[in-house]
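Novice: Please find one structure pasted underneath; my questions will follow.
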Amino acid sequence: MSRVWSGGCACGALRYEITGEPIVMTDCQCLDCQSESGTGHASHLVFPSKDVTIPEVATGWEMTADSGKKKTRHFCRTCGSPVFMTFAATPDILTVRAASLDEPERYRPQMVTYASRGWAWDHLDPNVPKFAKMPG
């Protein structure tokens, strides 16, 4: 049996628990992730959406991704911490921000997406496979 993945926002108003295992863990260097994180990338765990319920305290903002497809960023309506992301084109998956985990040390990046948007100063693990865009 897998260990629960739990976490939440900075103020504690938004909490989640996920019992499934992540499909993949990825560092994303797309411009959207850079803008939202305020640095060179954002770190995500991708889960089957059936394993995650977005708490009512979350609010969403729909945008157009680097790929041209719609995605929604979900954040705490109290403190504004980004926690989840959903994708109109792939409703069967949901991403969770690694920094929102109660145990962020469990995060282990398996790939870098949108490396073509990365900056030389954003030093990521050189042993992790890098993809110019989204693999697939």
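Yes/no matrix, rows are residues, columns are (1) over 18 Å from S6 (Cα atoms); (2) part of a loop (DSSP other than H, G, I, E, B):
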position: P55; (1), (2): no, yes
position: K71; (1), (2): yes, no
position: F84; (1), (2): no, no
position: T90; (1), (2): yes, yes
position: V96; (1), (2): no, no
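Novice: Would you be able to tell me the number of residues in the range 54-88 that are free of Cβ contacts under 8 Å to residues at least 12 places away in the same chain and either in contact with a helix residue (DSSP H, G or I) (Cβ under 8 Å, 6 or more places away or on another chain) or among the hydroxyl-bearing types (S, T, Y) (or both)?
Specialist: 1
Condition check ((1) touching a Leu at 6+ places or on another chain (Cβ under 9 Å); (2) modelled with pLDDT of 95 or more; (3) not hydroxyl-bearing (S, T, Y)) across all residues:
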| position | (1), (2), (3) |
| --- | --- |
| V46 | yes, yes, yes |
| D51 | yes, no, yes |
| G60 | no, no, yes |
| A89 | no, no, yes |
| Q110 | no, yes, yes |
| K130 | yes, yes, yes |
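Novice: Considering only the range 1-53, how many residues are surrounded by fewer than 19 Cβ atoms within 10 Å (Cβ to Cβ), in contact (Cβ under 8 Å) with a residue 60 or more places away in the chain, more than 15 Å from R117 (Cβ to Cβ) and out of contact with any Lys or Arg (no Cβ under 9 Å at 6 or more places or on another chain)?
Specialist: 4
The values are calculated or read from the model by the stated rules, or taken from the named source; none is laboratory data. Just so it is clear, the structure is predicted and the values come from calculations on it, not from any experiment. Using ideal geometry, Cβ is built from the backbone for each residue, glycine included, and neighbour counts are taken over all protein chains shown.
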